Amino acid sequence: MRVMTAMSRSYAEVALNLPLDRLFTYAVPEPLRSRMSPGMRVLVPFGSREIGGTCVRVVPEDPGFPCKPVTGLVEESPLFSPAMLRLAGWIARRYGSSLGEALDAALPFAVRSGGRRRRVLVAGLAIPEAGVEKAVDELEERFAKQARTLRILADAGEELEVRELCRRAKVGESPVRTLAKKGLVRLARREQERDPLFAMRVEREPGKPLIPAQQRAVDTIVASIEAGRSDAYLLFGVTGSGKTEVYLRALEETVRSGRQGIVLVPEIALTPQTVARFRSRFDRVAVLHSHLTDVERQEQWRSIQRGEADVVIGARSAIFAPVPRLGIVVVDEAHESTFKQQNVPRYDAREAARARARFERAVLVLGSATPSLESFHRSRNGRLRRLDLPERVAGGTFPETIVADLTQTVPVPGKARFLTDRLRAAVIQAVARKEQVILFLNRRGYATAAICKACGGAVECENCSIVLVYHRRIRRIVCHYCGFERRLPDRCASCEGTFRLGGFGTERIEEEIAHAVPEARVARMDSDTMKKRGAHEEVLSAFRAGRIDVLVGTQMIAKGLDFPNVTLVGIVSADQSLNLPDYRAAERTFGLVAQVAGRAGRSEKGGVVIVQTREPDHFSIRLALRHDYERFAEIEMQTRARDGYPPFGHLARIVVQGPDEPEAGRVARELRDQLGEWIVDDDTALLGPAPCPIAMINGQARFHIVCKALRRSGIRRFVQVVRGRPRPKGKLRLLLDVDPISML
Ligand code: ADP
Ligand code: ZN
């Protein structure tokens, strides 16, 4: 056996957060040699800077070229366990990022950068709120970004961290600085505050006796935990079938055996109620949430690493929670596409959960009422063991369901209407009976387009090939991609015609309800109305207390709502998801309709679900209303098998983007030709290049090439070839997305 002496720890191979597929070797100076080990966070010189990186290997051999020395340690002990290093390596290979990029994604910012308690720059209004509108109007002509930034700050109703303000306004820091110079905004440095919601005390509550289906599921999962097997389960049960109770029991068993659990939920479901449910059963619960401040996140992370949390709840990135002994990973609402990260590394947290569970001999439980077809397929070929919760715990029947055909709506002259007579009458009746209504529409704003009455053209964004959405409250047309906004012009730029507003979003439905049922108290819940901290809670508790009759909203209201007095749920349009140019359109529609429909009729009052659509006979809508997942999956699987789409094939996609359209197109074609030389087997096809469905975003022209492979190895090959070629020059960018969720 070779003994590692201090002398032999002479060189460190370091992964850096750069898009380069290589490690960098640094000499380890004498005083650090005894401490240097894989997983350590180090500071190293790179070019003229000093940057942070992760030591992944310590080697004795002189690499044969001169190395600069490691200049310091960020931390005295490793931040990554061997299993986490392995997980990062797996992510890098699978999703085509560098190891350094994958490692850095796994660490909270404050931990990564040395954990100094930072004072952050915050921005607040320097003028009275009443003066904001005038100031915005004045700025708008020439300084659109400043105008938007000022308005967004005013909407927040409190100071915002500058970083957060920039994120919301989709701008860099310079408009904020200019606003400060103009005396409209005040900048200050402050200690970060704690989010009071998550420090909340919760009463302990014992679990209820399980019903037989739950008991069977728990027994099976617990057997895997006791045996220390990394078994993977699909817990298949409609909303209200008691899945969460099963997670809680499995977690209790995990904690009893001295291990910890991670629970991943979609960001949008990570509400205080969800957290409270876990806190009521465990003393030591940590929460990782995207709205935590850097300080909070760092504190949570460190206490998790010290083993002080038995259960970690979080969105996507919580899969990297550094629990010392992982026993179980639960992914709730596992069909949700938000588990896929949209920037580098573009990992899917569900797949990362599978990998991590395997590496650490932990149990994996994916829970859903409408599993993704990938999960369903795996449950058939044995890679996931299926556990069913076929009935709702509280009993109760599913609500009556009605499909309202939007093509049959009789237009009322002079008045645009978006609620069918059916839905409108049902709302009126429910309100008259003092019952509550939820109207769901996954589209914010007022009208989906401003259309010229003369030429029929719709106003598009200046930076994106996207039609602008009219927002009534701010009286502007807005780009939902880049944040661009402007006043609706009086006349069409090409033909001088006047505009009409076409299509509808949540704002317009709210207005229509206010007209149709004047006595109803209506509230809207979408990302436009939920900008103030705590607004979400405020609306939900008002709804719960009966102070709101009709709640109109986007997917924000589709999750976790459980209100006994809701007897009517309307899906204002199921067509938006159905018409997406995406092979998952039917699956998304099925999931959406089934989830929303599952919210109604939770009490003895019963309930009705009304779905408005232009395609009333579409199988995904019909079957969702019958809660017939199996039949839906059967039909949809045939289409997927025929076309070679997941789960029967695999996809990866490259987007070539740049400000110069001909150049981006030319590079995409070159890339396609180069790929074609390497990818020659019959099971792998290259499609494109073609302009992306959204051909321009933020002034960047976009072309994509799609790789469709029957076997995973085809995708791996594709990723290798793409990564192996030199990076494009100048302003061109190349985005690689493996297992893409969106093809837009
Ligand atoms: P899901 O996660 O599938 O939506 P939940 O676990 O949230 O289902 O259960 C739905 C409701 O039923 C909750 O209010 C929960 O407290 C209750 N519940 C769950 N299991 C039981 C049980 N065994 N006995 C009584 N009530 C239960
Ligand atoms: Zn735009």
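The values are calculated or read from the model by the stated rules, or taken from the named source; none is laboratory data. Nothing here was measured: the structure is a model prediction, and the numbers come from that model. Here the Cβ is made from the backbone with ideal geometry for all residues, glycine too, and neighbour counts use every protein chain on show. Heavy atoms of the whole protein, side chains included, go into the accessibility calculation; ligands, DNA and RNA do not. Shrake-Rupley method; radii C 1.70, N 1.55, O 1.52, S 1.80 Å.
Below is a table of values for the structure above.
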{"item": "For I654: the one exception among (1) of a type in the set (A, V, I, L, M); (2) in contact with a His (Cβ under 9 Å, 6 or more places away or on another chain); (3) closer than 30 Å to A394 by Cα", "result": "(3)"}
{"item": "Candidates V611, V593 - the one that is touching a helix residue (DSSP H, G or I) at 6+ places or on another chain (Cβ under 8 Å), at negative phi and part of a strand (DSSP E or B)", "result": "V611"}
{"item": "Matching residues, region 436-463, being crowded, with 19+ Cβ neighbours inside 10 Å and not in a strand (DSSP E or B)", "result": "L441, N442, R443, R444, G445, Y446, T448, V459, C461"}
{"item": "Subset of region 351-391 (residues that are among the basic types (K, R) and either in the same structural domain as V719 (by TED's automatic domain parsing) or in contact (Cβ under 8 Å) with a residue 24 or more places away in the chain (or both))", "result": "R354, R356, R358, R361, R378, R383, R385, R386"}
{"item": "Residue that is modelled with the highest pLDDT [pool: residues in region 603-619 that are closer than 18 Å to G553 by Cβ and not aliphatic (A, V, I, L, M)]", "result": "Q612"}
{"item": "All positions within region 231-240 that are within 24 Å of the chain's Cα centre (by Cα) and either part of a loop (DSSP other than H, G, I, E, B) or within 16 Å of ligand 2 (Cβ to nearest atom) (or both)", "result": "V238, T239, G240"}
{"item": "Some residue of region 639-651 being under 26 Å from the mean Cα position of the chain (by Cα), buried (at least 19 other Cβ atoms within 10 Å of the Cβ) and in a helix (DSSP H, G or I)", "result": "yes"}
{"item": "Residue that is nearest to ligand 2 (Cβ to nearest atom), among those in region 241-263 that are assigned to a helix (DSSP H, G or I), crowded, with 22+ Cβ neighbours inside 10 Å and of a type in the set (S, T, Y)", "result": "Y247"}
{"item": "Subset tally (residues that are assigned to a strand (DSSP E or B), at pLDDT below 90 and open to solvent by less than 30 Å² (accessible area, probe 1.4 Å)) for region 477-515", "result": "2"}
{"item": "Flag for I509 being touching a residue at least 12 places away in the same chain (Cβ under 8 Å), more than 20 Å from R151 (Cα to Cα), more than 16 Å from ligand 1 (Cβ to nearest atom) and not assigned by TED's automatic domain parsing to the domain that holds A695", "result": "yes"}
{"item": "Residues of region 547-568 satisfying the condition of being of a type outside the set (D, E, K, R) and under 23 Å from R277 (Cβ atoms)", "result": "L551, G553, Q555, M556, I557, A558, G560, L561, F563, P564, N565, V566"}
{"item": "Any hit, region 522-537, residues being assigned by TED's automatic domain parsing to the domain that holds A594, at pLDDT below 90, open to solvent by 30 Å² or more (accessible area, probe 1.4 Å) and within 16 Å of ligand 1 (Cβ to nearest atom)", "result": "no"}
{"item": "Pair list, Cβ < 8 Å and 6+ apart or interchain, from region 36-60 residues that are outside any loop (DSSP other than H, G, I, E, B) to residues that are of a type in the set (K, R) and open to solvent by 30 Å² or more (accessible area, probe 1.4 Å)", "result": "R41/R112; V44/K68; P45/K68; G52/R112; V58/R9"}
{"item": "Criterion: modelled with pLDDT under 95, in a loop (DSSP other than H, G, I, E, B) and either surrounded by 23 or more Cβ atoms within 10 Å (Cβ to Cβ) or in contact with a helix residue (DSSP H, G or I) (Cβ under 7 Å, 6 or more places away or on another chain) (or both) - qualifying residue of T338, T370", "result": "T370"}
{"item": "Total residues in region 267-277, condition surrounded by fewer than 22 Cβ atoms within 10 Å (Cβ to Cβ) and either in a loop (DSSP other than H, G, I, E, B) or free of Cβ contacts under 8 Å to residues at least 60 places away in the same chain (or both)", "result": "2"}
{"item": "Test: I694 is farther than 26 Å from T589 by Cα and open to solvent by less than 50 Å² (accessible area, probe 1.4 Å)", "result": "no"}
{"item": "Considering residues of region 449-480 that are under 18 Å from R151 (Cα atoms) and under 26 Å from the mean Cα position of the chain (by Cα) only, the residue nearest to ligand 1 (Cβ to nearest atom)", "result": "H480"}
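The rows are residues; the columns are (1) modelled with pLDDT under 90; (2) within 16 Å of ligand 2 (Cβ to nearest atom); (3) within 31 Å of the chain's Cα centre (by Cα); (4) within 30 Å of F282 (Cβ to Cβ).
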| site | (1), (2), (3), (4) |
| --- | --- |
| P175 | no, no, yes, no |
| A180 | no, no, no, no |
| M200 | yes, no, yes, yes |
| G207 | yes, no, yes, yes |
| R229 | no, no, yes, yes |
